[in-house]
1. Which of the residues spanning region 109-125 are within 12 Å of the ligand (Cβ to nearest atom), basic (K, R) and either more than 14 Å from K76 (Cβ to Cβ) or surrounded by 17 or more Cβ atoms within 10 Å (Cβ to Cβ) (or both)?
2. Can you tell me which of D147, D85, D73 is over 16 Å from P50 (Cα atoms) and modelled with pLDDT under 90?
3. Out of region 79-96, which residues are open to solvent by less than 40 Å² (accessible area, probe 1.4 Å) and in a helix (DSSP H, G or I)?
4. Please verify whether V53 is among the β-branched types (V, I, T) and modelled with pLDDT of 95 or more, treating the condition exactly as stated.
5. State the number of residues belonging to region 48-78 that are open to solvent by less than 20 Å² (accessible area, probe 1.4 Å), more than 16 Å from the ligand (Cβ to nearest atom) and under 21 Å from R93 (Cα atoms).
6. How many residues are among the polar types (S, T, N, Q) and in a loop (DSSP other than H, G, I, E, B) if we restrict to region 27-78?
Amino acid sequence: MADILDPEARSVRMRSVRRQHTTPELVVRKVAHAMGLRFRLHRDDLPGTPDLVFPKHRTVVFVHGCFWHRHADCRKATTPKTNTDFWAKKFKRNQERDAEKVAELDALEWRVIVIWECQTRRPEEIAIALARAFDFHGPRREMLAND
Ligand SMILES: [Zn+2]
């Protein structure tokens, strides 16, 4: 079958395939696991179905794709050059929904941590961010050695 999409449209379509258990998410799970943190996945009884939930710390983590969730000043948060109105509305809706979910979680007294897709290229920084958030003094070095 001939591919009639231009490269830009094709790459947008590829990114639009909504996947759970994406690679960035797996990176975060691996880091959290190596730190000995206990977490649950995709708890749909919480607003926004957070990717990781740390019940003991009453904290949730969202692993956001930079494109769809519009990571500020990020190279990956490109804007397609065609159908600009469509994309502007879509991005706005995504951002509004994200803000809404954070507000709902906040009202339920859950702490929200957002980790961006591009940040998962540096797992050691995720470890540091989680350690700081949880005031955790575990075997961070061992974790890095294993990686
Ligand atoms: Zn980014």
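The values are calculated or read from the model by the stated rules, or taken from the named source; none is laboratory data. Keep in mind the model is a prediction, meaning the values are calculated, not measured. Glycine also receives a Cβ, built like all others from the backbone with ideal geometry; neighbour counts cover every protein chain displayed. The accessibility values were calculated without ligands, DNA or RNA, using every heavy atom of the protein model including side chains. Shrake-Rupley method; radii C 1.70, N 1.55, O 1.52, S 1.80 Å.
1. R122
2. Values: D85 fails: modelled with pLDDT under 90; D73 fails: modelled with pLDDT under 90.
Unique residue meeting the criteria: D147.
3. W87, F91, N94
4. Yes: the conditions hold for V53.
5. Selection size over region 48-78: 1.
6. Residues that pass the stated criteria total 2.
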